[in-house]
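The values are calculated or read from the model by the stated rules, or taken from the named source; none is laboratory data. Quantities reported herein were computed from a predicted structural model and do not represent experimental measurements. Because the Cβ atoms are built from the backbone with ideal geometry, glycine has one as well, and the counts that use them run over all protein chains shown. Side chains are part of the model used for accessible areas, which takes the heavy atoms of the whole protein and leaves out ligands, DNA and RNA. Shrake-Rupley method; radii C 1.70, N 1.55, O 1.52, S 1.80 Å.
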Amino acid sequence: MSCCGPNRRTVLGALGLAALLPLTGRTKARAQPDSAVATDLEVVTITDTSVILTWTTLAPDPAGRLIPVDADTRVRIGPADSAREPVPVFADDRPTPFHYAEIEGLEPGRAYRFEAWSAGLRATPALSLTTSDPAAPEARGEFTTLVPPPGRRLRTLALANDVHYGEQISGLIVGDLPPGFRQAPDLAPYPEVMLAAVLDDLRRPDRGAERLLLAGDLTAEASEHDTRTVRARLDAWGSLGRDYLAVRGNHDRPHIGAEYTACVPAAADHRDCWADAFSARQQLVEHEIGGLRLLGVDTSRLDGAGGSIERPQFDHLAERLRADPDRPTLLFGHHPVTTESGLTNLAGPGFVLDGRDSAELQTLYTRSPGVFLHHSGHTHRNRRTRPDASCAVEFLEVAAVKEYPGGYSLLRLYEGGYMVNFYKTRTEQARRWSALTRGEYFGLLPDYTLGTCADRNHVVLRDFSGLR
């Protein structure tokens, strides 16, 4: 959660909501009239000219359980320095419990007051540290648009991770605990729903990603069926090595068992189905676009959840960086790198990249000033962490595709820097699943995974004038 843990009010509120919300799909229960609430308000995305708000409408059924109920979607916005009340800027009368409002045409660097409404009810944030903090946009009812870096926009890349294709239960940590969430039997499996929603988003003109970088855990357990199926789904969207790049995560590692016998042999009697579908183990992925260098690092171990980089791949990476240390370079790999990430994730320091490899990697970055961002997954959260070495590299963890908040980040490169924005996926089924899986970890998942507004939306100034 946070460094100090959730307070008693947050815990009690979250546990109460968790008990009420885990309805795994459509329900035949009928809500009581005139008793709805509009809750879980989140200011998810703030760019230089737009903002995206999400919230949910609920009402008790005859048994007193809160269930999703349909309502309209409305937003009012006005300049924060104006004496006038916010005015209507968004209206959608299509009924839905899972509200998603994107407002465009805002001015860069300007503060705005906002209100979100459904069924005549003003939406309020959940009992969450992230959105109830007095400094949070949701609690203040105010946000400020970003100021983009100077110069032309050059290109847009999408950063995503943790699809877990083939997974049946979301939210488990050890054994059957904490209680997990299943998709409704009449709906497609949730990894398929969430991946399809990302791919649908990225091809739309308002997102327009030119490359998709997938930082591991595309599968649940790297079976032959799941690796081939997720590869086929991605290939229906674009070409590996041209439109999308992928590295493996710990879930994609080689496995032992009868269901893996048809896959390529790996060390210690393991079989590697990922290698058949994507690339060999501990192999560096390399790509270049308009002068920008993209390097994907396989940080998976043969067994276990933690990460490491074996010597041949490390030497290959070091050789590439030494050959052109000033070239603008983005790296991506599954395991987070920094000490801060190790100390703040739920599973502890052993869950991230091995300490010795982390130190060597960051030392390498100090000698490679062109490296500006390292994208990772694995923790399923949005978070920026501080480097341990004196390198000007952003270490960015991006929340999972597969569950709340359910989405990806866009990296927009300008001549004078870059802008990062996290987006939730917006299909109806994806919004339904994301709303449901807020209840993971006994309802405390939002405090861990959503991240602060600045983790999700920020600008970094950097000289990219040599890129095309």
Which sequence of 396, 444 reflects their accessible areas, 1.4 Å probe, from the largest down?
-> 444, 396
Accessible-area order for 110, 426, 386, largest to smallest, probe 1.4 angstrom, reads 386, 110, 426
Within region 98-140, what residues put their amide N at less than 13 Å from the label point 7 Å along the Cα-to-Cβ vector of residue 82?
-> 106-107, 111-115
Just grab the label-to-label distance for residue 288 and residue 122, each label 7 Å out from Cα along the Cβ direction, in nm (one decimal).
-> 5.6
So for the pair residue 460, residue 305, with labels modelled 7 Å out along Cα→Cβ, what separation do we get in nm?
-> 2.7
Quick one: Karplus J couplings for region 39-49, per residue in order, coefficients 6.51, -1.76, 1.60, θ = phi - 60°, nearest Hz, x for Gly and Pro?
-> 9, 6, 4, 9, 8, 6, 10, 10, 9, 6, 10
The chain - charge dipole about Cα centre, Lys and Arg +1 at Cβ, Asp and Glu -1, debye rounded to 20 | 660
Can you give the accessible area per residue of the chain, in Å², using a 1.4 Å probe?
-> 40
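Express the carbon and sulfur contribution to the solvent-accessible surface of the chain as a percent, rounded to the nearest whole number, probe 1.4 angstrom. Don't jump to the answer; show the numbers that get you there.
Details: 9730 of 18560 Å².
C and S atoms contribute 52 percent here.
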So what does residue 173 come to for accessible area, using a 1.4 Å probe and Å² rounded to 10?
-> 100
With θ set to phi - 60° and the Karplus curve 6.51 cos²θ - 1.76 cosθ + 1.60, what are the ³J(HN,Hα) couplings of region 290-299 in order, to the nearest whole Hz, using x for Gly and Pro?
-> x, x, 8, 9, 10, 10, x, 10, 7, 9
Of all DSSP beta bridges in the chain, antiparallel share, percent nearest 5 | 75
Can you give the accessible area of residue 448, probe radius 1.4 Å, in Å² rounded to 10?
-> 20
Projected label distance in nm at residue 176 and residue 468, using a 7 Å step from Cα toward the beta-carbon | 5.9
For residue 48, other-chain or 5+-apart residues with amide H closer than 5 Å (H placed, Pro excluded) are 146
Suppose R0 equals 25 Å; then what is the FRET efficiency for residue 268 and residue 356 from their Cβ-Cβ distance, rounded to the nearest 0.05?
-> 0.70
May I ask you to compute the full-extension gain from residue 35 to residue 111, defined as 0.36 nm times their residue separation minus their alpha-carbon distance, rounded to one decimal in nm?
-> 24.0 nm
Which residues' amide hydrogens lie under 5 Å from the amide hydrogen of residue 296, considering only partners 5 or more residues apart or on another chain, with H built in the peptide plane?
-> 285, 286, 332
